Amino acid sequence: MSKTHFQLQRDAYGRLVLTDENGVRHDGVTPVRTFPIAAPDEGISLVSYEGHEVGWADHLSDLPPAIAQLIEEELASREFVPEIERIVEVSSFACPSTWQVHTNRGATALILKGEEDIRRLSPTRLLIADSHGVQFLVRDLSQLDRHSRKLLDRFL
């Protein structure tokens, strides 16, 4: 476990305030994931409102629990990448097609404009962009049920 070289807290307005190892206070910092899809808990930069990096964490797990929780809360309030847990049906195997899916945020429909909107991030991980620009994540193809994999295979 590495040593944390900063303190983090919320101010009266709910903004994150970072105090670095020299005692310099940075108001309104924003956590940014270096690799938000491939390695979401690794490489977290804390950026000032001027856009300068004022803090860094190699891994969220290296941080004291209270600091990690503040960072996770802030990231969750800004990020929206629903994870597809099941594909219920697709309207057509030709694009554009409407997909009825269940995600970790509930049931929804997405419109796939073309097969090129399905990006393979790794052998088991996909990122699917719908016609409105929302990114849907398939974290692990092997965890999808057989019906979902069969439907998805028609587009890969």
- prompt: Looking only at region 77-112, which residues are in contact with a helix residue (DSSP H, G or I) (Cβ under 6 Å, 6 or more places away or on another chain) and among the basic types (Lys, Arg)?
  reply: 86
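To keep it simple, each residue is scored yes or no on (1) more than 30 Å from residue 147 (Cα to Cα); (2) of a type in the set (Asp, Glu); (3) touching a residue at least 24 places away in the same chain (Cβ under 8 Å).
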position: 34; (1), (2), (3): yes, no, no
position: 40; (1), (2), (3): no, no, no
position: 49; (1), (2), (3): yes, no, no
position: 70; (1), (2), (3): yes, no, yes
- prompt: Pick from region 1-51 the residues that are among the hydrophobic types (A, V, I, L, M, F, W, C) and not in a strand (DSSP E or B): which of them is modelled with the highest pLDDT?
  reply: 24
field: Hey, residue 82 closer than 28 Å to residue 14 by Cβ and out of contact with any strand residue (DSSP E or B) (no Cβ under 9 Å at 6 or more places or on another chain) or not
entry: no
Yes/no for residue 118 being without any contact (Cβ under 8 Å) to a residue 40 or more places away in the chain, surrounded by 13 or more Cβ atoms within 10 Å (Cβ to Cβ) and farther than 16 Å from residue 30 by Cα: yes
- request: Answer yes or no: is there a residue in region 81-94 that is over 26 Å from residue 45 (Cα atoms), free of Cβ contacts under 8 Å to residues at least 24 places away in the same chain and not aliphatic (A, V, I, L, M).
  value: yes
message: I'd like to check something: does region 126-134 contain any residue that is surrounded by 12 or more Cβ atoms within 10 Å (Cβ to Cβ), at pLDDT 95 or above and of a type in the set (S, T, N, Q)?
response: no
statement: residue 153 vs (1) more than 29 Å from residue 29 (Cβ to Cβ); (2) in contact with a Leu (Cβ under 9 Å, 6 or more places away or on another chain); (3) charged (D, E, K, R): all pass except (2)
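The values are calculated or read from the model by the stated rules, or taken from the named source; none is laboratory data. As the structure is a computational prediction, the values presented were derived from the model and not from experiment. Backbone-built Cβ (ideal geometry, glycine too); neighbour counts: all protein chains shown.
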